[in-house]
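Quick notes on the structure that follows.
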Amino acid sequence: VPEPASRDEIARLARTTNATLAALEQSVRRQHRFVADASHELRSPIASLRTQLEVAAQHPELLDATDLHQDVVRLQHLAADLLLLARLDAGERPTGTLVDLAALVREDIAQRAATDRITPTVTIDDTAPEVKGSRTQLSRVLGNLLDNAQRHAAASITVTVRAAGDTVVLSVADDGHGVAPVDREHIFERFVRLDEARARDEGGAGLGLAIARNVIQHHGGTLTVTDGPDHGADFQVSLPRAH
């Protein structure tokens, strides 16, 4: 709407209205982009499943159950990721359950031991206080960060939990190629995969880090990436301690 040059209530109302309209327009564009990206990601595994099933209908001896299973699992994970993002976008707040991050890290890493390529080195400050939130969602964040580290690490991954004033810090560092400063915000956008990530992780949809940051922000914390101690990437989660 036109903004008058005056400094009265009408001018302020016009500026507020324009700011609201601009925010709504940006939200609609973001939603359209999200739907388009999600549709693109869903088409690939669905098309692959259909092709394999059509071939199997004509030539049952060519059915590859392993490939079918991988496509179904990929589709299942993508659907779960999209559902979680939709709930977060709708404003779902995490539960106020007390969560012991140290115990969560030990449990998750133990469960992954049989399948992980690299066994992480774990350093935990047992005096680190608990945090409040959803244990399931925080476990998802840890899993996404560990998956990312497993894809990009050369030989080592380090996980630490420590207290830092009124916060609890969870760090997942690897000795891979790291993340260039220019990409350190870009990688947290939805459906973003850097060139190197695309080459090494063709099955990913680029949602893991976006989900991790979104969940942490809903818990009142931050998720950032810096240079790791071994020239790789160091993802640091900072959450307020429970009071």
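The values are calculated or read from the model by the stated rules, or taken from the named source; none is laboratory data. All figures in this text were calculated on a predicted structure; none of them were measured in a lab. Ideal geometry is used to build each Cβ from the backbone, glycine not excepted, and the neighbour counts take in all protein chains shown. The area values use the complete protein model at the heavy-atom level, side chains included, leaving out ligands, DNA and RNA. Shrake-Rupley method; radii C 1.70, N 1.55, O 1.52, S 1.80 Å.
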For this session: Just give me the residues in the range 167-178 being in a loop (DSSP other than H, G, I, E, B) and open to solvent by less than 20 Å² (accessible area, probe 1.4 Å), in sequence order.
Result: Gly176
For this session: Give Asp195, Asp227 a once-over and let me know the one that is at pLDDT below 95, surrounded by fewer than 16 Cβ atoms within 10 Å (Cβ to Cβ) and touching a strand residue (DSSP E or B) at 6+ places or on another chain (Cβ under 8 Å).
Result: Asp227
Exercise. What number goes with the only condition from (1) touching a residue at least 24 places away in the same chain (Cβ under 8 Å); (2) polar (S, T, N, Q); (3) within 22 Å of Leu209 (Cβ to Cβ) that Thr95 does not pass?
Worked result: (3)
